[in-house]
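The values are calculated or read from the model by the stated rules, or taken from the named source; none is laboratory data. Here the structure is a predicted model, which means the values were calculated and not measured. Cβ atoms come from the backbone with ideal geometry, glycine included; neighbour counts cover every protein chain shown.
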Amino acid sequence: MTARILEGKVFAQQFREDAKKKAEALKEKYGVQPGLAVIIVGENPASQVYVRNKHKSCEALGIYSEVIEMPESTTKEELLARIDALNANDKIHGILVQLPLPKQIASHESEILERIRPEKDVDGFHPVNVGRLVTGQPGLVPCTPFGCLRMLELAGIPIDGKRAVIIGRSNIVGKPMLHLLLSRNATVTICHSHTQDLPSVTREADILVAAVGRPHFVTADMVKPGATVIDVGINRIAPKKLVGDVDFEAVKEVAGAITPVPGGVGLLTVAMLMENVVRAAEMQLQA
Ligand code: NDP
């Protein structure tokens, strides 16, 4: 039997509707419009597309949005001064520094991201937010794994008591995903490049999350029949051809539910960013 296909657009639409409703409620109740500032340094064409998409999404949902374009030659001090000004700006509830940074400041990435006030860190990368996630306190959570969790919940896929396996231990996907699934009472295993006999681990999973960055890495023999397979990977194998980390055509014949690439998790990330901006505004108003 072919798997249920978890279409990203359906869930992203739900996230956007939720964000819009919550933004309207904040306006009505407090007279506050949630605001996002995105800083883009240099002229990376892919980054420019991502930033434009974020700006358009904000406009569609009634979220105030500022794009701050800084030249390629920007120094660390200049960028930190911009972040400080946004930290102090009441119209801005969320700040995002688009990565990658130009090479002269890339080595200071941690210091730059940590300058964002944790309450405005809508990427959820600040160590304070990481600590909150690990200790189960309310905070801002990275958009991609949070989107995956919300999608599982909206799709009605059971998590409590289930075995979850994540392939990949990055700070932006794998590790937050581990804590999110754990917070919903899954029994979670996280795998990486040193894991031995990976297929024997992945075959245990009721929920399998692939965040590896290798085309078609997860094959049908690695998947337990009926499992839910979430493919976070985005791999460009030709100028106009994107594939995930999962061999979709083969795995969909074994899995119970699966996300496609493109059209799956990728669509959740920007929609979840909108929710994070609104959540940031809510948290700042309640502080
Ligand atoms: P990273 O490169 O930071 O991490 C990859 C992880 O995969 C590492 O933990 C690495 O292990 C592990 N890995 C690599 N090779 C193997 C192997 N042979 N066996 C087991 N584990 C292995 O990637 P990201 O987490 O940043 O991204 C993962 C994928 O998700 C990429 O394709 C990226 O483009 C995509 N992505 C998609 C997003 C979206 O919006 N849909 C958002 C963010 C990322 P080790 O730690 O040992 O090196």
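Within segment 211-222, the set of residues being outside any helix (DSSP H, G or I) and either more than 8 Å from the ligand (Cβ to nearest atom) or more than 21 Å from residue 266 (Cβ to Cβ) (or both) comprises 215, 216, 218, 219. Against the condition in contact with a Phe, Trp or Tyr (Cβ under 6 Å, 6 or more places away or on another chain) and either outside any helix (DSSP H, G or I) or surrounded by fewer than 17 Cβ atoms within 10 Å (Cβ to Cβ) (or both), how does residue 14 come out, does it pass? So residue 14 does not fit the description; no.
Surrounded by fewer than 13 Cβ atoms within 10 Å (Cβ to Cβ), under 25 Å from residue 171 (Cβ atoms), modelled with pLDDT of 95 or more and not aliphatic (A, V, I, L, M), is that true of residue 73? So residue 73 does not fit the description; no.
If you check 162, 241 for being without any contact (Cβ under 8 Å) to a residue 24 or more places away in the chain and over 23 Å from residue 19 (Cβ atoms), only one passes: 241.
Taking the condition surrounded by fewer than 16 Cβ atoms within 10 Å (Cβ to Cβ), hydroxyl-bearing (Ser, Thr, Tyr) and more than 10 Å from the ligand (Cβ to nearest atom), does residue 200 pass? So residue 200 fits the description; yes. So, in segment 83-100, of the ones that are more than 22 Å from residue 147 (Cα to Cα) and in contact with a strand residue (DSSP E or B) (Cβ under 6 Å, 6 or more places away or on another chain), which residue ends up surrounded by the fewest Cβ atoms within 10 Å (Cβ to Cβ)? This residue is 91.
Would you please name the residue that is surrounded by the most Cβ atoms within 10 Å (Cβ to Cβ), looking only at residues in segment 135-168 that are away from the ligand (no atom under 14 Å from the Cβ) and basic (Lys, Arg)? Among those that are away from the ligand (no atom under 14 Å from the Cβ) and basic (Lys, Arg), it is 162.
With the structure loaded, tell me whether residue 171 is assigned to a loop (DSSP other than H, G, I, E, B), more than 9 Å from the ligand (Cβ to nearest atom) and either surrounded by fewer than 18 Cβ atoms within 10 Å (Cβ to Cβ) or at pLDDT 95 or above (or both) or whether it fails that test. So residue 171 does not fit the description; no. The residues of segment 140-156 that are outside any helix (DSSP H, G or I), at negative phi and among the small types (Gly, Ala, Ser) amount to a single one, 155. Checking each residue in segment 176-191 for being within 16 Å of the ligand (Cβ to nearest atom), touching a residue at least 40 places away in the same chain (Cβ under 8 Å) and surrounded by fewer than 21 Cβ atoms within 10 Å (Cβ to Cβ) picks out only 179.
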